[in-house]
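Scroll down for the structure; my scribbles are underneath it.
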Amino acid sequence: MMRMNPRLDVSALAKSFQDNGRVHIPEFLHAEDATALYEKLRYRTDWMQVLATTNGAVELDRPTRAQLDEDQIKALNEAVYAQARSGFQYRFETARVPDSARERAANSDIICRFAEFMSTDRVRDFLRAITGSDAIEYADAQATAYAPGDFLTGHDDDVEGKFRRAAYVFGLTPVWRLEWGGLLLFHGSDGHVDCGLVPTFNTLNLFKVPQLHSVSEVTQAAAYRRYAITGWLRAEKQPD
């Protein structure tokens, strides 16, 4: 089981969330637990690339992408960027966690253990205290990996029927430079960036829903992939 840092100041974190609608929490887990998560993400091979099209979401596994020729890759890239110019678009790799408590328990994947951890009574009470939402029942989750060229355009996470009270991004990127992109950007009402967060290791970012945000494109200069586990704190009973 994962272990939360016992030295976190709940009162100070709750005040920051109340004042800003978000909070940045370094050293969220014991260091060795965060390292174990990172190592499992770095070496897994079952990632699915996800992106949006005019006909809906598309998922591509690595073997499928390896079979694409240069013309197909070029056409796919052009379609991705064409939609990003005027609408909602994203491209990154994901490994998902089921919402069902029973399915999580039967799955040995370490990201399932993290999702279970985020939904335990102790962590749930911690998250409730910070966000001020006693209605939070469980956390959903997915692992994400952003390679050069990957991005996520602006959106606010407010989806009817999902009962999302807050979103989280748990950073698992040991080394990163601001110039490499992949920043978590919060959009101000004036059209400028209200806050930009560089990918960091063992850091939990919590922010209220709805709130307009995006992830800037990872540049070709990036020496590593941007790893994180992301999800939402849901105010509904967790599926059995």
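The values are calculated or read from the model by the stated rules, or taken from the named source; none is laboratory data. It should be emphasised that the depicted structure is a prediction, and the values quoted were computed from it without experimental measurement. Here the Cβ positions follow ideal geometry from the backbone for every residue, glycine too, while neighbour counts run over all protein chains shown.
Data for the structure
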quantity: Filtered residue count, the range 157-178, keeping only those that are loosely packed, with under 12 Cβ neighbours inside 10 Å and either more than 21 Å from E217 (Cβ to Cβ) or in contact with a His (Cβ under 7 Å, 6 or more places away or on another chain) (or both); calculated: 3
quantity: Selection count where residues are under 30 Å from R3 (Cβ atoms) and among the hydrophobic types (A, V, I, L, M, F, W, C), scope the range 31-82; calculated: 7
quantity: Flag for Y81 being over 14 Å from A143 (Cα atoms) and of a type in the set (F, W, Y); calculated: yes
quantity: Members of the range 1-53 that are among the polar types (S, T, N, Q) and either farther than 26 Å from T153 by Cβ or modelled with pLDDT of 95 or more (or both); calculated: N5, S11, S16, Q18, N20, T35, T45, Q49
quantity: Residue that is surrounded by the most Cβ atoms within 10 Å (Cβ to Cβ) [pool: residues in the range 99-132 that are of a type in the set (S, T, Y) and over 26 Å from T35 (Cβ atoms)]; calculated: T131
quantity: Strands (runs of 3 or more DSSP E) completely within the range 6-98 that count 2 or more residues being of a type in the set (A, V, I, L, M, F, W, C) and buried (at least 16 other Cβ atoms within 10 Å of the Cβ); calculated: 22-26, 48-53, 90-96
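A quick yes/no check of all residues on (1) assigned to a loop (DSSP other than H, G, I, E, B); (2) over 23 Å from G87 (Cβ atoms):
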| residue | (1), (2) |
| --- | --- |
| A145 | no, yes |
| L152 | no, no |
| K162 | yes, no |
| G191 | yes, no |
| C195 | no, yes |
